[in-house]
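The values are calculated or read from the model by the stated rules, or taken from the named source; none is laboratory data. What you are looking at is a predicted structure, and each value in this text was computed from that prediction instead of being measured. Methodologically, a virtual Cβ is constructed for each residue, glycine included, from the backbone with ideal geometry; neighbour enumeration extends over all protein chains shown.
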Amino acid sequence: MDISSLMNQVQQAQDKMKKIQDELSNKTVTGASGGGMVTVTVSGKQEILSLSIEKEIIDANEKKMLEDLILSAVNDGLHKARELGQGEMSKLTGGLKIPGLF
């Protein structure tokens with residue numbers, strides 16, 4: 001294999017990676033807690049897009065519980081977004097774990 005062939009393969013891989021990253025920004029996942037009473041929508045680029053809280057659990061006396069539910073839903077959504085990104089990148093790498101890709 002000559003150097004120009006190798007460079008061509010690297011360029012193709014970079015182009016595919018850019019395409020995957022662009023596609024991830026259009027995909028979303030939803031994290032939830034409290035049996036779905038708190039939900040968060042996260043983009044494939046791990047940006048929080050929305051947060052929803054059912055009015056039944058809004059109680060000033062239960063502030064700490066609500067904060068915990070929000071935190072749990074956000075973490076669930078971010079975890080799912082990371083898994084989505086890893087799944088898309090593994091299509092590019094054939095399942096090979098490459099540090100720094102995701």
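So that you can scan it fast, the table gives a plain yes or no per residue for (1) over 30 Å from Asp15 (Cα atoms); (2) of a type in the set (Lys, Arg); (3) without any contact (Cβ under 8 Å) to a residue 40 or more places away in the chain; (4) in a helix (DSSP H, G or I):
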site	(1), (2), (3), (4)
Lys63	yes, yes, yes, yes
Ile70	yes, no, yes, yes
Asn75	yes, no, no, yes
Gly85	no, no, no, yes
Ser90	no, no, yes, yes
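Specify the residue that is farthest from the chain's Cα centre (by Cα); the eligible residues are those in the stretch 26-47 that are assigned to a loop (DSSP other than H, G, I, E, B) and closer than 11 Å to Leu84 by Cα.
For the stretch 26-47, the residue satisfying everything is Lys27.
Go through (1) in a helix (DSSP H, G or I); (2) under 18 Å from Asn75 (Cα atoms); (3) not acidic (Asp, Glu) and name the single condition Gln9 misses.
That leaves (2) as the condition not met.
State whether one or more residues within the stretch 82-95 are at pLDDT 90 or above and not aliphatic (A, V, I, L, M).
The answer is yes, given that some residue of the stretch 82-95 is at pLDDT 90 or above and not aliphatic (A, V, I, L, M).
As an exercise: evaluate Leu71 against (1) out of contact with any strand residue (DSSP E or B) (no Cβ under 7 Å at 6 or more places or on another chain); (2) loosely packed, with under 12 Cβ neighbours inside 10 Å and give the number of the one condition it does not meet.
Result: Leu71 passes all but (2).
Could you check how many residues of the stretch 1-25 are among the β-branched types (Val, Ile, Thr), closer than 23 Å to Ala81 by Cβ and without any contact (Cβ under 8 Å) to a residue 60 or more places away in the chain?
Final tally of qualifying residues: 0.
Condition test on Lys19, is it closer than 27 Å to Leu92 by Cβ, in a loop (DSSP other than H, G, I, E, B) and not polar (S, T, N, Q)?
no
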